[in-house]
Amino acid sequence: MKRLLTPLSAALAALAVLAGALFTAPPAFAVSVVSHGYGHLWAADGRSWLGSHLLDDGNLGLCLQLTKAPPEGSSIGYISGNSLGWYSRDDTPRLAYLGRNWLLSHDPIEASAAQLAAWSITGLGSHDDAYYAQRANGDAAAVLDRARQMRAIMDGPGGASRSVTATVNFADIAGSGGAGATVQSDLFVDFLSGGVTRLDPDLHAGTITLTGATFDDGSTGRTVSNGEKYTVHPIADTPASEIIAETEYSQLPYGDAFWVAEAPSTVQTLLVPPATLAEARASTSALVSTDLPFFPAVSTQTSAQTAVTGAAIHDTLDLALATPPVEEPRVAAGAATPAAASADAASSANAPSTKAPAASAPSASAPSANDDAPRSTDTSVGSGVAGSAAAGSAAADSAVPNSTTPNSELPSSRPTTGDSTDSDRAESEPPSAGPGSAGPGTEGTEGTEGTEGIEGIEGIDRLDQWGTYTAADGQVLPIPVTIRSTLLGPLDSAPTPAPQPPDGSGVVCRVETVAEQGPARYTTPDCVLPAPGFYVWVETIDPADTAAEKGGARVRPWRSPFGTATEVTSATTPPPPPAPPAPPTSAPPNTPNTTPGVAPVQPPKAGPPATLPHDLASTGSQGVPWWLAWGVASLIATGLAARLVSKHERFHRRRR
């Protein structure tokens, strides 16, 4: 069994190697070289050939390796010459140019000159071009002169090239709805001589296809010539419309791509005409500003729902579009309930932000103890998208900023670029905005109906719905709007949602935020809470705040409702600080009536003994004078001596 498996395994391995070679090798088409083509046979030896070679498919080729054997009778295959990596970055374009322009000539002198020019690129061995030109016999001088002309053309202006690219651009398209706009495509060639060069107009035909615009005849595609302008008409059905142009050119006689018929290693490989010529493509897009109005709206979030008096709070503003745009601004009758706001926040499209996410929804009657608040859209259906300039303006005069307030009296706005580091800012940060809770068809005041909300924060970087204008330097920029924010309060109880603030509402501060980046997230300046109570933010957008030259006439007014849950802050008086603890007291022993707070008098600690002169210095541990110690010692010694003498005498008396 093993003997049978071994040959089978070897066969399978061989098939795998063959299959790998077939699938990884460049595509090749087998042909044979059948005879000489056009040129000259050297009369001196009757076998040396200078010219092209004929293949069995009718194609012609020029030899590339002078020192190898002639290709007649050999089986060869077509492949991309660039894949071989045989020639330099400049010689590759030369061979490509030669193959495109002179290889197929049936003129003997032209064919012989092309072969001689090819060898001058790939290598003439130990001889010069004049030596091999002799094979043309009586035409040797003409062949040599023509071959050198070919080399000069390749290396001159407009000759051999490395690549070709296309461009397409709009002109006069930014303003006035694209009136007078044109589109033009151009071709650029990287020549060996002169580098990248823009081709003269009307040299090549291509196509341009439009999206969002038409040509004069109403079509969206047509044949064009390079370098020529064509009028386009944008289909402007939004405040800013994007149009796209795509251009394509084919069969361009440029670049370094060449093809060869590769022969066995001992036989000359042939340069053959290219299988295809170069292609070039390009596309571009542009925003076209129109005179159509657009409807901005803001989703808002207070920085804290609970705070203490003296704290500074701000409002976060997500500027977007009311969608779908309404014909006239409206003020909705209802406002989002906290439960609905919480549900909406869970499904809302979030804007990129470094702020902390929301925690839970507060009660409608009183703010939650949790400072983090859910985010709801103040400008959606039922919570009021746009208030008309006339509707309720007099009733809200005390609650909204006056358009005549000088800018110098208002704090400047700050963009939201990262986490806040203000020590006096309330700790809660707003989460992302979502659609309002009330659905389409919510009844508005005075017979008007609510709009369908604002566009989510996702995707608001598109300006095809937001109005744009053309600045003095030619830039197309978003039309800026000014969001005026008013902090109302203090109120005695939690505010009831309403289209407008109640009459007589107190105003804590008015601030403004200039939104120059179009749809984005912005942060208002701070306002300080002066006293306990409830506070609520309200916002407006007034077209009069945008200069006419920046598109102010296209902005539609907007007003937020009053009392939206995410805009309410409850302020309380901070508790008084605790009294500092009394310092500890102590009394002398057996003296219970020691006065509190008075520390007992401590006796002074004994210091080190005073140093005496040498003749009075102490010798004892308690400082006994030396003379007293000496006297006591003498008395003791005398007593002991007398006792010993007395004992000795008694002893000897008994012996006698």
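The values are calculated or read from the model by the stated rules, or taken from the named source; none is laboratory data. On a predicted model such as this, the values are computed, not experimentally measured, just so you know. All Cβ positions, glycine included, derive from the backbone under ideal geometry; neighbour counts span all protein chains shown. All accessible areas refer to the heavy atoms of the entire protein, side chains included, with ligands and DNA or RNA removed. Shrake-Rupley method; radii C 1.70, N 1.55, O 1.52, S 1.80 Å.
When T566 is evaluated against the numbered criteria (1) touching a Ser or Thr at 6+ places or on another chain (Cβ under 6 Å); (2) open to solvent by 10 Å² or more (accessible area, probe 1.4 Å), which criterion, by number, is the only one it fails?
It is condition (2) that T566 fails.
Kindly indicate whether S161 is open to solvent by less than 30 Å² (accessible area, probe 1.4 Å), touching a Gly at 6+ places or on another chain (Cβ under 9 Å), more than 18 Å from T223 (Cβ to Cβ) and not β-branched (V, I, T). So that I can check it myself, show each step before the final result.
Working: open to solvent by less than 30 Å² (accessible area, probe 1.4 Å): yes; touching a Gly at 6+ places or on another chain (Cβ under 9 Å): yes; more than 18 Å from T223 (Cβ to Cβ): yes; not β-branched (V, I, T): yes.
So S161 passes the test.
Would you be able to tell me the number of residues in segment 54-77 that are closer than 18 Å to A275 by Cβ and open to solvent by less than 20 Å² (accessible area, probe 1.4 Å)?
Restricting attention to segment 54-77, the residues satisfying the condition of being closer than 18 Å to A275 by Cβ are 55-62, 64, 76-77.
Keeping just the survivors that are open to solvent by less than 20 Å² (accessible area, probe 1.4 Å) gives 55, 60-62, 64, 76-77.
Here the count works out to 7.
Considering each of G81, G51, G85 in turn, give the residue that is closer than 25 Å to A152 by Cα, modelled with pLDDT of 90 or more and not charged (D, E, K, R). First the steps, then the outcome.
On the way: G81 fails: modelled with pLDDT of 90 or more; G85 fails: modelled with pLDDT of 90 or more.
Among G81, G51, G85, only G51 is closer than 25 Å to A152 by Cα, modelled with pLDDT of 90 or more and not charged (D, E, K, R).
Looking at segment 527-541, which of its residues are touching a Cys at 6+ places or on another chain (Cβ under 9 Å) and over 23 Å from L321 (Cα atoms)? If you could, list the steps in order and put the result at the bottom.
Step one: of segment 527-541, the residues touching a Cys at 6+ places or on another chain (Cβ under 9 Å) are 527-528, 535, 537.
Scanning segment 527-541 gives C527, V528, Y535.
If you check every pair at least six apart or on different chains, which have Cβ atoms under 7 Å apart with a residue in segment 77-102 that is in a helix (DSSP H, G or I) first and a residue that is of a type in the set (S, T, Y) second?
N82/T92; P93/S161; L95/Y87
Is it true that some residue in segment 518-531 is at pLDDT below 95 and polar (S, T, N, Q)?
no
Looking only at segment 466-489, filter to residues that are in a loop (DSSP other than H, G, I, E, B) and in contact with a Lys or Arg (Cβ under 7 Å, 6 or more places away or on another chain); which one of those is farthest from Q305 (Cα to Cα)? Reasoning before the result, please.
Initial filter on segment 466-489 (in a loop (DSSP other than H, G, I, E, B)): 466-467, 471-475, 479-480.
Next cut, in contact with a Lys or Arg (Cβ under 7 Å, 6 or more places away or on another chain) only: 467, 479-480.
Numbers: G467: 34, I479: 33, P480: 30 Å.
So, considering only residues that are in a loop (DSSP other than H, G, I, E, B) and in contact with a Lys or Arg (Cβ under 7 Å, 6 or more places away or on another chain), the one farthest from Q305 (Cα to Cα) is G467.
Out of the residues in segment 124-155 that are within 52 Å of the chain's Cα centre (by Cα) and open to solvent by 10 Å² or more (accessible area, probe 1.4 Å), which is farthest from L199 (Cα to Cα)? I'd like the intermediate steps shown before the answer.
Of the residues in segment 124-155, the ones within 52 Å of the chain's Cα centre (by Cα) are 150-155.
Okay, now just the ones that are also open to solvent by 10 Å² or more (accessible area, probe 1.4 Å), so 151-153, 155.
Working: R151: 22, A152: 20, I153: 17, D155: 17 Å.
By that ranking, first place goes to R151.
Return the total of residues in segment 510-557 being of a type in the set (A, V, I, L, M, F, W, C) and surrounded by fewer than 21 Cβ atoms within 10 Å (Cβ to Cβ).
In the first step, residues of segment 510-557 are kept if they are of a type in the set (A, V, I, L, M, F, W, C); the result is 511, 514-515, 520, 527-529, 531, 534, 536-538, 541, 544, 547-548, 553, 555.
Retained after the next criterion (residues that are surrounded by fewer than 21 Cβ atoms within 10 Å (Cβ to Cβ)): 514, 520, 528, 531, 534, 544, 547-548, 553.
Counting residues in segment 510-557 that are of a type in the set (A, V, I, L, M, F, W, C) and surrounded by fewer than 21 Cβ atoms within 10 Å (Cβ to Cβ) gives 9.
So S342 ticks every box in (1) in a loop (DSSP other than H, G, I, E, B); (2) more than 19 Å from F562 (Cβ to Cβ); (3) at pLDDT below 80 but one. Which box is left unticked?
Evaluating S342 over (1) in a loop (DSSP other than H, G, I, E, B); (2) more than 19 Å from F562 (Cβ to Cβ); (3) at pLDDT below 80 leaves (1) as the failure.
Restricting the first residue to segment 30-59 and requiring it to be outside any strand (DSSP E or B), which pairs with a second residue that is open to solvent by 60 Å² or more (accessible area, probe 1.4 Å) and aliphatic (A, V, I, L, M) meet a Cβ separation below 8 Å and a spacing of at least six or different chains?
Every condition considered, the pairs that remain are R47/L41; S48/L41; D56/V34.
Identify the residue in segment 207-221 that is small (G, A, S) and in contact (Cβ under 8 Å) with a residue 24 or more places away in the chain and, among all such residues, is surrounded by the most Cβ atoms within 10 Å (Cβ to Cβ).
Within segment 207-221, the subset small (G, A, S) is 212-213, 218-219, 221.
Adding the requirement that they be in contact (Cβ under 8 Å) with a residue 24 or more places away in the chain leaves 212-213.
Details: G212: 21, A213: 24.
Only one residue fits best here, namely A213.
What pairs come up if the first residue lies in segment 144-164 and is closer than 12 Å to D190 by Cα, the second is open to solvent by 50 Å² or more (accessible area, probe 1.4 Å) and among the hydrophobic types (A, V, I, L, M, F, W, C), and their beta carbons are under 9 Å apart, counting only those six or more places apart or on different chains?
Here the result reads G159/A152; G159/I153; A160/I153; S163/F188; S163/V196; V164/F188, each pair linking segment 144-164 to a residue that is open to solvent by 50 Å² or more (accessible area, probe 1.4 Å) and among the hydrophobic types (A, V, I, L, M, F, W, C).
Quick one: what pairs do we get from segment 105-130, first residue among the small types (G, A, S), second part of a loop (DSSP other than H, G, I, E, B), C-beta under 7 Å, 6+ apart or different chains?
Correct list of pairs: A111/S105; A114/W102; A114/L103; A114/S105; A118/L64; G123/L66; G125/L66; G125/T67.
Identify, please: which residue in segment 306-315 is farther than 27 Å from V481 by Cα and not in a strand (DSSP E or B) and is, among those, most open to solvent (accessible area, probe 1.4 Å)?
Ranking the candidates gives G310 first.
Considering only segment 97-126, how many residues are out of contact with any helix residue (DSSP H, G or I) (no Cβ under 8 Å at 6 or more places or on another chain) and hydrophobic (A, V, I, L, M, F, W, C)?
Selection size over segment 97-126: 2.
Can you go through T231, T238 and tell me which one is part of a strand (DSSP E or B), touching a residue at least 40 places away in the same chain (Cβ under 8 Å), of a type outside the set (D, E, K, R) and open to solvent by 10 Å² or more (accessible area, probe 1.4 Å)? Let's see the steps before the verdict.
On the way: T238 fails: part of a strand (DSSP E or B).
When all the criteria are applied, what remains is T231.
Taking the residues in segment 78-108 that are open to solvent by 40 Å² or more (accessible area, probe 1.4 Å) and aliphatic (A, V, I, L, M) as candidates, determine which candidate is nearest to S35 (Cα to Cα).
In this case the residue turns out to be L104.
Among the residues of segment 273-291, write down those that are touching a helix residue (DSSP H, G or I) at 6+ places or on another chain (Cβ under 7 Å) and surrounded by fewer than 24 Cβ atoms within 10 Å (Cβ to Cβ).
Result: P273, P274, T290, D291.
Could you please give the count of residues in segment 184-206 that are part of a strand (DSSP E or B) and open to solvent by 60 Å² or more (accessible area, probe 1.4 Å)?
Taking segment 184-206 first, the residues part of a strand (DSSP E or B) are 184-191, 195-198, 205-206.
Next cut, open to solvent by 60 Å² or more (accessible area, probe 1.4 Å) only: 196, 198, 205.
Qualifying residue count for the region: 3.
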